[in-house]
1. Just to confirm a number: summing +1 for Lys and Arg and -1 for Asp and Glu over residues other than ARG45 whose beta-carbon lies under 12 angstrom from that of ARG45, what do you get?
2. Give the value in nm², to one decimal: projected area of the alpha carbon convex hull of the range 310-363, averaged over all directions.
3. Kirkwood hydrodynamic radius, computed over distinct alpha-carbon pairs, for the range 103-220: how many Å, to one decimal?
4. Let me check I've understood the local charge: for GLU209, count other residues with C-beta under 11 angstrom from its C-beta, Lys and Arg +1, Asp and Glu -1. What total comes out?
5. Output ³J(HN,Hα) for the range 65-77: one whole-Hz value per residue in order, computed from phi by the Karplus curve 6.51 cos²θ - 1.76 cosθ + 1.60 with θ = phi - 60°, and x for Gly and Pro.
6. Could you order the peptides 94-102, 311-319 from most to least packed, using the average number of other C-beta atoms within 10 Å per residue?
7. For the range 110-198, with only Lys/Arg (+1) and Asp/Glu (-1) charged at the beta-carbon, what is the dipole magnitude about the Cα centre, in debye rounded to 20?
8. Starting at the first residue of the range 312-323, write each ³J(HN,Hα) from the Karplus equation 6.51 cos²θ - 1.76 cosθ + 1.60 with θ = phi - 60°, in whole Hz, x for Gly and Pro.
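Derivation of every value follows stated rules applied to the coordinates shown; laboratory data play no part. Every value quoted in this text rests on a predicted model; they were computed, and no experiment measured them. For neighbour counting, all protein chains shown are included, and Cβ atoms are generated from backbone atoms with ideal geometry for every residue, glycine included.
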Amino acid sequence: MGIWDKLKGELIDIIEWLDESTDTMVYRFERYNNEIKNGAQLIVRESQTAVFVNEGQIADVFGPGRYELTTANLPILATLQGWKYGFNSPFKCEVYFVNTKRFTDLKWGTMNPIPLRDNDFGIVRVRAFGTYGMRIADPGTFLKEVSGTNWEFTTDQITNQLRNFIVSAFTETVAEQKIPVLDLAAQYSEMGGFLTTHIQPKFAEHGLELLNLLIENVSVPPEVEAAIDKRSSMGALGNLDNYMKYQAAEAMTKGAENPGGVGGLGAQMAAGMAMADMMKNSMQPPQAATPTAPPTAPGMTPPPVPALAFYIAPNNAQQGPFTLDALRQKVASGELTPDTLAWREGLAAWAPASQVPELSGLFAAVPPPLPPQQ
């Protein structure tokens with residue numbers, strides 16, 4: 001340091017800090033050899049606190065205002081430096097200005113996805129991010145626990161640690177509360193308030209106060225988003241059968257509006273046929289599948305087609321299963337009548353034999369009873 005700098009330092013009698021930044025939390029006032037003269041003026045502005053440190057030990061703390069540094073208003077420092085009979089000038093002491101304003105719009109977020117167990121999608125990985133605010137609530141604790149002897153300390157030097165506190169608490173909260181992924185958006189405000197209270201003790205250990213923690217978004221991987229979109233689309237369609245009929249009717253209407261277009265008449269006919277088939281199928285009960293033989297290799301005799309098995313209930317006593325040939329014999333012997341209940345696989349319920357398509361033809365070959373003898 002040159003002679004002019006030395007003289008300038010000795011002439012300084014005003015100690016103040018004008019903060020031109022937006023992220024400085026602590027600033028150490030620089031002077032030549034850390035010397036302060038008798039009667040120096042200390043100016044502490046709003047949202048500031050001045051902390052005097054003597055040989056690494058915190059002495060006097062000043063809030064906003066203007067002070068003339070004398071033995072009377074430096075009681076702790078006077079005791080530490082042994083001023084029994086008066087103020088020694090100059091004296092050596094470090095002065096730290098602590099910024100106590102609110103630091104807002106600080107970002108937090110998960111660096112890696114958090115695996116969670118969800119009732120709808122099983123195990124999913126979520127990411128979350130948001131903002132928070134904080135301020136220095138205890139300047140002495142902050143100097144001792146965080147900033148130390150740094151001549152300048154900014155928010156960038158501590159936000160990573162604070163973010164870890166928030167992410168850890170967020171993970172524990174979501175896991176313990178077992179909130180479904182689809183319901184997280186409705187819980188942002190409530191969870192933010194809970195996290196603020198839950199994390200506050202961690203911030204207090206560093207002399208800080210956590211303010212208005214906000215959750216802005218909780219996102220899931222693209223494949224889960226696609227599954228959510230598909231589920232939403234299915235819910236929007238409603239009844240799929242009605243939707244298909246509506247689509248067919250729309251195709252017919254558009255074809256009618258443009259009958260001379262390429263394929264216009266064909267589109268109308270195809271849509272009409274498709275709609276007719278759907279309506280016919282929706283009105284008819286399901287039919288039982290006809291047994292078919294399994295495919296065979298070339299040169300091999302195909303196996304026989306399995307025959308339908310029927311059950312009958314003469315006098316409400318179930319019998320069977322019977323083949324069609326066996327029932328033909330029972331019709332001839334009179335054991336099976338048109339009113340006898342019958343059932344086969346594919347029928348919804350028992351029905352008179354005359355109403356079963358495969359059995360109704362058996363009764364046509366039976367001769368009517370002989371007329372009574374005269």
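1. Working: positive: ARG66, LYS101; negative: GLU16, ASP19, GLU46.
Spelling it out: positives minus negatives among the neighbours equals -1.
2. On the way: hull surface 12.8 nm².
About 3.2 nm², averaged over all directions.
3. Numbers: mean 1/r = 0.0661 Å⁻¹.
Here the Kirkwood hydrodynamic radius works out to 15.1 Å.
4. Values: positive: ARG102, ARG135; negative: ASP138.
Charge balance in the 11 Å sphere: +1.
5. x, 10, 10, 9, 6, 9, 4, 5, 9, 10, x, 5, 5
6. Numbers: 94-102: 20.7, 311-319: 12.9.
Highest mean packing first, the order is 94-102, 311-319.
7. Values: 7 positive and 10 negative charges, 28 e Å.
With only Lys, Arg, Asp and Glu charged at Cβ, the dipole is about 140 debye.
8. Along the range 312-323, the couplings run 10, 9, x, 6, 6, 10, 5, 9, x, x, 10, 7 Hz.
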